[in-house]
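Data block below; observations after.
The values are calculated or read from the model by the stated rules, or taken from the named source; none is laboratory data. Note that the coordinates shown come from a computational prediction; the quantities given were computed from them, not determined experimentally. In this analysis, Cβ positions are derived from the backbone assuming ideal geometry, glycine residues included, and neighbour counts consider all displayed protein chains. The accessibility values were calculated without ligands, DNA or RNA, using every heavy atom of the protein model including side chains. Shrake-Rupley method; radii C 1.70, N 1.55, O 1.52, S 1.80 Å.
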Amino acid sequence: MKLAMIGFGQAGGKIVDRFLDYDDRTGSGIVRAAIAVNSAKADLMGLTNIPQENRVLIGQARVKGHGVGADNELGAEIAEEDIDEVQNAIDAIPTHEVDAFLVVSGMGGGTGSGGAPVLAKHLKRIYTIPVYGLGVLPGTDEGGIYTLNAARSFQTFVREVDNLLVFDNDSWRQTGESVEGGYDQINEEIVRRFGILFGAGEVGEGQEVAESVVDSSEIINTLSGGGVSTVGFASEEVDLNTSGGLLSRFTGNDGGNDGLDAANTTNRITSLVRKAALGRLTLPCEIEGTERALLVLSGPPEYLNRKGIERGRKWLEEETGSMEVRGGDFPRGEPEVAAAILLSGVTNVPRIKRLQQVAIEAQDNMDDIQNESEENLEELVEDDEDELEPLF
């Protein structure tokens with residue numbers, strides 16, 4: 001799948017920058033074009049892979065390149081005002097070679113949280129190709145203002161895109177990590193999961209062609225219908241250079257009966273699919289009730305067992321209750337067999353419900369604090385009002 005990726009805000013820009021690095025490392029060719037948009041000049045300067053000419057600084061008249069200070073209403077206003085600046089960069093994208101736009105942003109800050117939904121709405125009005133969002137939720141320990149921003153951004157973003165893929169930082173933080181190290185690991189996890197998903201079906205010269213190809217139309221059909229999506233992932237390392245070790249344990253290749261090997265491989269793949277669906281999802285949720293799903297098995301071609309993939313797909317159909325579960329393989333030379341599962345149209349998401357409740361409480365508290373502050377100020381100055389005259 002060929003994507004035009006637009007990173008909006010600090011988190012969005014860093015993730016798109018990491019996608020370009022992933023493309024370079026793996027040769028996946030997912031990113032057809034990459035743009036970073038920000039109101040903070042320093043954030044744009046910190047990127048390493050996105051070309052300078054594709055880094056767009058907005059809001060210079062309002063915030064002078066210093067960012068919006070976690071004010072996502074201001075972020076949305078600036079995006080509206082300077083949308084032509086962003087469009088000028090998008091005009092250089094050969095959209096006839098692109099399958100979809102992917103607008104990436106963190107939803108807890110200011111620029112991306114406010115601006116990404118504005119950009120998505122603009123793109124949908126102009127282009128006929130799908131516009132997807134990839135939104136990153138802040139951790140619950142990041143504070144009330146970021147939770148409130150995320151709840152409001154989520155509510156708006158999901159309405160303006162054809163589908164919103166969500167990654168929840170709360171599920172991936174590890175205790176004792178540095179801030180930089182934590183975000184680096186999270187961004188790598190995002191890129192790895194979505195890289196395999198969007199990279200499925202791409203075949204370079206001399207590469208193996210999948211038995212059951214997953215191409216861009218399969219992904220687009222799975223994401224059609226809108227709503228919220230999450231991605232599951234599981235992998236097992238294999239040793240391509242020996243006939244023993246992990247690889248033989250995965251395939252059952254001990255020189256014995258071929259039928260036994262095939263049965264073992266089928267069971268291993270089915271187990272991997274279950275781990276991917278029931279393990280850590282990018283957005284934790286109950287998978288029952290999922291509207292549509294896509295299963296991609298990647299790895300060395302000789303170890304991608306068609307029967308295992310089909311059995312895994314059928315199990316996923318039963319667990320989700322969906323009649324729209326697509327599946328296929330993605331041959332790669334990487335020393336691992338991996339299962340990536342896209343669950344689209346999920347609705348039983350406790351994290352989103354909690355996010356909205358906390359945001360409402362935060363909003364009420366902020367209103368109370370503002371009212372109390374105004375009353376305290378009145379009390380502070382009114383004692384002297386009888387004796388002193390104001391300047392004007």
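Taking the numbered list (1) modelled with pLDDT under 95; (2) aliphatic (A, V, I, L, M); (3) open to solvent by 10 Å² or more (accessible area, probe 1.4 Å); (4) in contact with a strand residue (DSSP E or B) (Cβ under 9 Å, 6 or more places away or on another chain) in turn, ALA40 passes all entries but (1).
Yes or no, residue by residue, for (1) polar (S, T, N, Q); (2) farther than 28 Å from ASP23 by Cα; (3) in contact with a helix residue (DSSP H, G or I) (Cβ under 7 Å, 6 or more places away or on another chain); (4) open to solvent by 30 Å² or more (accessible area, probe 1.4 Å):
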residue: CYS285; (1), (2), (3), (4): no, yes, no, no
residue: THR290; (1), (2), (3), (4): yes, yes, yes, no
residue: LEU297; (1), (2), (3), (4): no, no, yes, no
residue: TYR303; (1), (2), (3), (4): no, no, yes, yes
residue: LYS307; (1), (2), (3), (4): no, yes, yes, yes
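Matching residues to (1) among the charged types (D, E, K, R); (2) modelled with pLDDT under 90; (3) open to solvent by less than 10 Å² (accessible area, probe 1.4 Å):
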| position | (1), (2), (3) |
| --- | --- |
| THR320 | no, no, yes |
| GLU334 | yes, yes, no |
| ILE341 | no, no, yes |
| ILE352 | no, no, no |
| GLN356 | no, yes, no |
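Exactly one residue among PHE157, PHE167 is aromatic (Phe, Trp, Tyr), part of a helix (DSSP H, G or I), in contact with a helix residue (DSSP H, G or I) (Cβ under 8 Å, 6 or more places away or on another chain) and crowded, with 17+ Cβ neighbours inside 10 Å, and that residue is PHE157. When you look at ALA34, is it touching a helix residue (DSSP H, G or I) at 6+ places or on another chain (Cβ under 6 Å), open to solvent by less than 50 Å² (accessible area, probe 1.4 Å), outside any helix (DSSP H, G or I) and closer than 22 Å to VAL136 by Cβ, yes or no? Criteria met by ALA34.
For region 122-150, the tally of residues that are out of contact with any Phe, Trp or Tyr (no Cβ under 9 Å at 6 or more places or on another chain), outside any helix (DSSP H, G or I) and either modelled with pLDDT under 95 or crowded, with 24+ Cβ neighbours inside 10 Å (or both) stands at 1. Of the residues ARG274, ARG249, the single one that is open to solvent by 10 Å² or more (accessible area, probe 1.4 Å), in a helix (DSSP H, G or I), modelled with pLDDT under 50 and of a type in the set (D, E, K, R) is ARG249. Scanning region 277-313 for residues that are farther than 20 Å from ILE219 by Cβ, part of a helix (DSSP H, G or I) and in contact with a Ser or Thr (Cβ under 9 Å, 6 or more places away or on another chain) yields GLU302, TYR303, ARG306, LYS307, GLY308, ARG311. When LEU119, LEU47, LEU102 are checked against the criterion of being surrounded by 20 or more Cβ atoms within 10 Å (Cβ to Cβ), in contact with a helix residue (DSSP H, G or I) (Cβ under 7 Å, 6 or more places away or on another chain), in contact (Cβ under 8 Å) with a residue 24 or more places away in the chain and not in a helix (DSSP H, G or I), LEU47 stands alone in meeting it.
Close contacts from region 280-291, counting a first residue that is over 13 Å from PRO350 (Cβ atoms) and a second that is in a loop (DSSP other than H, G, I, E, B) and aromatic (Phe, Trp, Tyr), with Cβ to Cβ under 8 Å and a gap of 6+ residues or different chains, come to ARG280/TRP172.
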